[in-house]
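Here the structure is laid out as structure tokens; the discussion comes afterwards.
The values are calculated or read from the model by the stated rules, or taken from the named source; none is laboratory data. Model, not experiment: these values are computed from the prediction. Cβ coordinates were reconstructed from backbone atoms using ideal geometry, including for glycine residues, and neighbour counts include every protein chain displayed. Accessible surface is based on the protein model in full, side chains and every heavy atom, while ligands, DNA and RNA are left aside. Shrake-Rupley method; radii C 1.70, N 1.55, O 1.52, S 1.80 Å.
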Amino acid sequence: MGPLFWLLPQPMLLTFTATPPVPADMRPLPRPEGEVFRPLIGSGDEMPAAGLGTCCRATAYHDDSVYNTVLWYLLQGGRHIDTAQLYLNHRPIGRAIKEAMQRGVSRDEIFVTTKIEAGSFGTNNAKAWVPQMLEELQLDHVDLVLLHFPRKWMGFFGGVDEFQSCCGCASPRECREQTWEVLSAARENGLIKNLGVSNHLIYQIEELRALEKAPVSVNQLQYHPWVPSWQEDIAQHCRENGIQLMAYFSLGGAQNAGSVGVMETIAAIGKKHGASSHQVMLRWAVQTGLTVIPGTGNPAHMRQNINAYSFNLSAEDMAAITQLGQNKEMASKFMFIGGPSSDGPQL
């Protein structure tokens, strides 16, 4: 997801506002009214349609802020946490989940998504990663594991042999398939409840489905009104096959979130509903059928994101926002990871 921002070491993240500590006497607030859930194929589990992203901002790489962020979120009624091996924050997230449970949040209510990075693909690597991931999170199972990227280095570099040195695979496809088989076995053993992918193209999804192991239940991808046609094709393919869509950059992405916030159409819709522009964009995504995972370390912003369940957009509102996607000038500003190649082999 996103650029390589999460790989920056903490000392390079200069000044930022740390997430404040949670009051010692704070107890869990009720879950939001009107909460929406997404059914996952193969398990019958229901995934909360709004979650907390823990990537790509300064407070996501500061352990105390990560701990406080997740604890605030869970105690304010949120229940879906999205993390990843690459984010390097499993341990503080695990501590926060443990503390939230001690304060009265049931583990059965918490939906934890994480991702295995491409450098840990392959049979042996994936077998070692599963228990390590659970130990870091202090959990006996996770609710969803995604293959973070189909290629090493997000596909910007490498080739057919890019996995040989790290993972012992003859090709990216072989590595993805080996990893899927290992994770499917972990699912059979109750360590992982659901499997999915992130940033995968249609043919890469179909290769995994053809294995007839665990079903592909989720695809996490960049999604908002300005996605290119090839990304919309992936989304439609997932819809047609019962694969839930989880959107990152649902507010327009790091480059354009500010532009979204001042768009007159979105602001006018928000005013009508007593909501912010960002709440309108989240609500549009939820009503489009997506799961959203906006990230913030600000407790007030978390509550606003959770409150995106509190109103409904009309058909006219939805159409007006969708129509904004026809703005080619704005669409051209977005960076998208991957994408179909017009030449060369399918890796």
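For region 161-290, the calculated P(r) over all alpha carbon pairs, in 10 Å bins from 0 to the bin holding the longest distance, is 12, 33, 28, 18, 9, 1 percent. With a simple spin-label model that places each label point 7 Å from the Cα along the Cα-to-Cβ direction, the separation between Glu117 and His237 comes to 2.6 nm.
Just subtract the alpha-carbon distance of Arg209 and Glu99 from 0.36 nm times their residue separation and send over the number in nm, one decimal.
35.8 nm
Can you pull the percent of the chain's accessible area that's carbon plus sulfur, 1.4 Å probe, other chains left in place?
Details: 7530 of 14530 Å².
Here it works out to 52 percent.
Relative to the current alpha-carbon distance between Ser314 and His273, full extension at 0.36 nm per residue lengthens the span by 13.7 nm. Two numbers describe the Cα atoms of the chain: Rg and Dmax, which are 19.4, 60 Å. About its Cα centre, region 25-130 has a charge dipole of approximately 220 debye under the convention of +1 per Lys or Arg Cβ and -1 per Asp or Glu Cβ, with nothing else charged. Farthest towards the positive end of the charge dipole of the chain, among the residues Gln220, Ile269, Pro131, is the Cα of Ile269, using unit charges on the Cβ of Lys, Arg, Asp and Glu.
Identify the residues of region 91-129 with backbone N under 15 Å of a label point that sits 7 angstrom from the Cα of Asn189 along the Cα-to-Cβ direction, or state none. Only 123-129 pass the distance filter.
Each residue, Glu33 and Gln138, gets one label point 7 Å from its Cα in the Cβ direction; the gap between the two is 3.4 nm. Once all protein chains are placed together, Asp108 keeps about 140 Å² accessible to a 1.4 angstrom probe. A Förster radius of 51 Å combined with the Cβ-Cβ distance from Glu181 to Ser229 puts the calculated FRET efficiency at roughly 0.95. Taking Cα centre as origin and charging only the Cβ of basic (Lys, Arg, +1) and acidic (Asp, Glu, -1) residues, the dipole magnitude of the chain rounds to 640 debye.
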